[in-house]
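Encoded as structure tokens, the structure appears first; notes follow it.
The values are calculated or read from the model by the stated rules, or taken from the named source; none is laboratory data. Source: prediction; values computed, not measured. Cβ sites come from the backbone with ideal geometry, for glycine too, and all protein chains shown count toward neighbours. Heads up: the accessible areas ignore ligands, DNA and RNA and are worked out on the full protein's heavy atoms, side chains in. Shrake-Rupley method; radii C 1.70, N 1.55, O 1.52, S 1.80 Å.
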Amino acid sequence: MHTLVVGGTGMLAGVTRWLAEQGHIVSVVSRRAKTFGHVSYRKSLNAIAVDYRDTAPLRHRIAEAIAAYGPIGLAVFWIHTDAEEAFGIIAGEISNHVGIPWRLFHVRGSAAYLHPEPPKVPPNCMYRQVVLGFVAEETGSRWLTHAEITGGLVEAIRSDCERLVVGTLEPWEKRPV
């Protein structure tokens with residue numbers, strides 16, 4: 001299956017690696033081309049070096065990946081809030097090239113606790129939300145590690161749950177600052 005991971009070389013690198021190990025052809029969007037240098041699963045990796053804030057090149061590069069590797073059946077998006085148009089552009093390109101439902105796992109930061117409503121998605125997109133919380137410990141709290149984030153996303157993909165919180169969001173006032 002052709003899979004897309006947006007932001008798949010940083011904290012989602014473990015998810016990208018896991019998908020490749022499962023036999024997926026993984027197209028990975030990263031803003032910096034040099035971040036692809038450390039990956040060890042290159043045979044099944046299609047590196048898309050594009051800043052997702054640049055809408056025209058983004059649309060073009062996603063369409064190129066679909067033309068080369070086929071329709072995208074699964075996507076994982078970690079898109080920062082400074083790229084408001086990127087979500088819709090990428091979801092639209094995927095939906096335009098696939099006639100069947102496809103799954104989207106939208107990774108959101110802990111602030112989704114305050115604003116849990118999902119973005120608008122195309123009709124053939126099966127939207128899933130993965131919210132990254134924090135870990136409460138005896139001495140305080142901490143943000144999730146990359147391994148914990150990977151584990152949560154793998155669980156969400158395997159179970160196909162509609163909303164999963166990795167870690168905790170409560171008590172909200174105990175989150176790390």
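Are any of the residues in the range 87-101 open to solvent by 20 Å² or more (accessible area, probe 1.4 Å), more than 24 Å from A156 (Cα to Cα) and not hydrophobic (A, V, I, L, M, F, W, C)?
Within the range 87-101, one or more residues are open to solvent by 20 Å² or more (accessible area, probe 1.4 Å), more than 24 Å from A156 (Cα to Cα) and not hydrophobic (A, V, I, L, M, F, W, C).
Pairs, please: C-beta under 7 Å, at least 6 apart or cross-chain, first residue closer than 21 Å to F87 by Cβ and in the range 43-55, second assigned to a loop (DSSP other than H, G, I, E, B) and among the β-branched types (V, I, T)?
Y52/I79
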